[in-house]
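Asks: Attaching a single structure in structure tokens format; questions to follow.
The values are calculated or read from the model by the stated rules, or taken from the named source; none is laboratory data. Here the structure is a predicted model, which is why all the values come from computation and not from measurement. As a convention, Cβ positions derive from the backbone with ideal geometry for all residues, glycine included, and neighbour counts pool all protein chains shown. Accessible surface is based on the protein model in full, side chains and every heavy atom, while ligands, DNA and RNA are left aside. Shrake-Rupley method; radii C 1.70, N 1.55, O 1.52, S 1.80 Å.
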Amino acid sequence: MTPYHVSIPSRVWKSQLPRLLVLLNQAEAHPAVVIDIAAVKFLAPAAIVVILARWHRWKREGKGVSLVGMESCENLGYLQRIDFLTHLGVEIPENFIRRNPAGRFVPVQTLNFAGGDVDKIASEITRCTLPDVDFEDDVYRLLQYAAGELLSNAKYHSGGRAFVCAQFFPKSSQVHIAVADDGVGIRESFLNTSREHEAGTPDTAIRLALLPQVSSVLLRPNPNPYSGQNHRGVGLSVTRCFARKSCGRLSIASENGWFDEIHGLEQTRPSQPIYFPGTLVAVTLHRDHIADYAEMHAEVMSEIGMGDLDTGEMFVD
Amino acid sequence: MKLEFQMVSEFGEFLADGHVGNQFRSLRIECIWDRVESVVFDFTGVTNLTDSFVHACFGNMAEEHGEEFSQKVRFKGCSPLVRSFISIAVSEGLKKHREHHAGH
Ligand SMILES: Nc1ncnc2c1ncn2[C@@H]1O[C@H](COP(=O)(O)OP(=O)(O)OP(=O)(O)O)[C@@H](O)[C@H]1O
């Protein structure tokens, strides 16, 4: 039987993500898939991690997957430099010398529950994405924060393997970061919790996950529910607020659930039904709108109703 | 017993993983809490952290021990950013402690 052929479009910006998800999904029912990258000129970080996560899930499910179009792909060097091909398990000779990858080429990183340090990977991806930016700069710390929280989520809630990719676009002053995993998806993470009924569909599950102080871990039956929990349900909601405050964007896909918010305004759903097994979270931050990270954080926490006691005496110099 | 932890040597400059924070709390502090007179967390060199980490580590600790936490624990070498993150997490933990113990 001939494998199903998926041609990745020439350019996939973040706004064209639903189209990519639809394309990949058309291959779902077929036992074998060929991914054709011949036309590829540009893939946004979200597109890169979506393809990687989908590929790995198909492999895990026993689907035959292969890659074609490398010879005619104009941007093959770019895809090699960011380790896209390596993560697909495709090794072809490199006709260039690898230099310090920082800046233009930010290698994709991966982790799963069994391996990978969230803090190290988050710091590495931030350093490579913003090589000329001081580590005390506000945008640097904000990107590092978002990477840390999103990677943590993938590591501890998805049960799968996650890919992270980021890029700084100096002309538009935007930083993009995307984390996609091939795990259980957000809806399933709320199974057997006290708010399972509110997560009845992938769409409602995403909205539940975005609420401050909602964590599926805290909602599970536990004889001592407040003691020693690893999670407070802050990561996703705070990252969302940061995206809003920086006039950025937050997009989430999980199963057929979809959430897309630009400058805090929810966008209309794409007309075609989309599907992404696992979870994709993609964040855009606008560097020009990030004034003071510490102040932004304190504002966000107060908006979500956290922390207003005086703890001054506990701090010594 | 008086304890002091250099956070940068324990975790590096970026404290991100809530599981790691919670594990540190239970394995290094909670198990000997009753014997500890005071504990200082020195954040010199720590440049950034996530809410997942601070809440799992210090929010939980404050929630568990309430007033006793405020008496025993001190934070040192904090940048304004680190101080703000910790202060919010601790404050939240203390509030929860009061809620659990209200009327007891
Ligand atoms: N990649 C993912 N896969 C599956 N479920 C997820 C994923 N990311 C988030 N979730 C679900 O969304 C919930 C809310 O996420 P959020 O980051 O706000 O909180 P948390 O990770 O539980 O707690 P904290 O951020 O304090 O560590 C999670 O508890 C989980 O149920």
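Asks: Can you find, within the stretch B:61-94, the residue that is nearest to A:Leu151 (Cα to Cα) among those that are within 16 Å of the ligand (Cβ to nearest atom) and charged (D, E, K, R)? Spell out the reasoning first.
Replies: Residues of the stretch B:61-94 within 16 Å of the ligand (Cβ to nearest atom): B:61-63, B:85-86, B:88-93.
Subset that is charged (D, E, K, R): B:63, B:92.
Working: B:Glu63: 26, B:Glu92: 24 Å.
Per the stated criteria, the residue is B:Glu92.
Asks: Scan the stretch A:196-213 and tell me whether some residue there is more than 14 Å from chain B (Cβ to nearest Cβ), in contact with a Ser or Thr (Cβ under 8 Å, 6 or more places away or on another chain) and assigned to a loop (DSSP other than H, G, I, E, B).
Replies: Yes, the stretch A:196-213 contains at least one residue that is more than 14 Å from chain B (Cβ to nearest Cβ), in contact with a Ser or Thr (Cβ under 8 Å, 6 or more places away or on another chain) and assigned to a loop (DSSP other than H, G, I, E, B).
Asks: Being within 16 Å of the ligand (Cβ to nearest atom), assigned to a helix (DSSP H, G or I) and of a type in the set (D, E, K, R) is the filter here, so list the residues in the stretch A:114-165 that pass it.
Replies: A:Asp119, A:Glu149, A:Lys155
Asks: Would you check which residues across the stretch A:166-187 are within 11 Å of the ligand (Cβ to nearest atom) and within 21 Å of A:Thr110 (Cβ to Cβ) and list them? Working first, answer last.
Replies: Our first condition is that a residue be within 11 Å of the ligand (Cβ to nearest atom); within the stretch A:166-187, this holds for A:179-187.
Listed by number, the residues that qualify are A:Val179, A:Ala180, A:Asp181, A:Asp182, A:Gly183, A:Val184, A:Gly185, A:Ile186.
Asks: Would you point out which residue out of A:Ala46, A:Ala102, A:Ala122 is within 29 Å of B:Gly18 (Cα to Cα), of a type in the set (Gly, Ala, Ser) and at pLDDT below 95? Write out each step before concluding.
Replies: On the way: A:Ala46 fails: at pLDDT below 95; A:Ala122 fails: at pLDDT below 95.
On inspection, the qualifying residue turns out to be A:Ala102.
Asks: On the given criteria, is A:Ile304 open to solvent by less than 40 Å² (accessible area, probe 1.4 Å), more than 9 Å from chain B (Cβ to nearest Cβ) and touching a Phe, Trp or Tyr at 6+ places or on another chain (Cβ under 7 Å)?
Replies: Details: open to solvent by less than 40 Å² (accessible area, probe 1.4 Å): yes; more than 9 Å from chain B (Cβ to nearest Cβ): yes; touching a Phe, Trp or Tyr at 6+ places or on another chain (Cβ under 7 Å): no.
Criteria not met by A:Ile304.
Asks: Hey, another quick one. Among B:Phe43, B:Phe58, B:Phe53, which is more than 16 Å from the ligand (Cβ to nearest atom), at pLDDT 95 or above and within 21 Å of A:Asp310 (Cα to Cα)?
Replies: Details: B:Phe58 fails: more than 16 Å from the ligand (Cβ to nearest atom); B:Phe53 fails: more than 16 Å from the ligand (Cβ to nearest atom).
Result of the check over B:Phe43, B:Phe58, B:Phe53: B:Phe43.
Asks: Restricting to the stretch B:15-45, name every residue that is farther than 16 Å from A:Asn230 by Cα and open to solvent by less than 10 Å² (accessible area, probe 1.4 Å). I'd like the intermediate steps shown before the answer.
Replies: Let us first name the residues in the stretch B:15-45 that are farther than 16 Å from A:Asn230 by Cα, namely B:31-45.
If the condition is that a residue be farther than 16 Å from A:Asn230 by Cα and open to solvent by less than 10 Å² (accessible area, probe 1.4 Å), then B:Trp33, B:Val36, B:Val39, B:Phe41, B:Phe43 are the ones that fit.
Asks: Shifting gears a bit: Only residues that are open to solvent by 10 Å² or more (accessible area, probe 1.4 Å) and out of contact with any Lys or Arg (no Cβ under 9 Å at 6 or more places or on another chain): list them for the stretch A:145-169, please.
Replies: The answer is A:Asn153, A:Lys155, A:Tyr156, A:His157, A:Gly159, A:Phe169.
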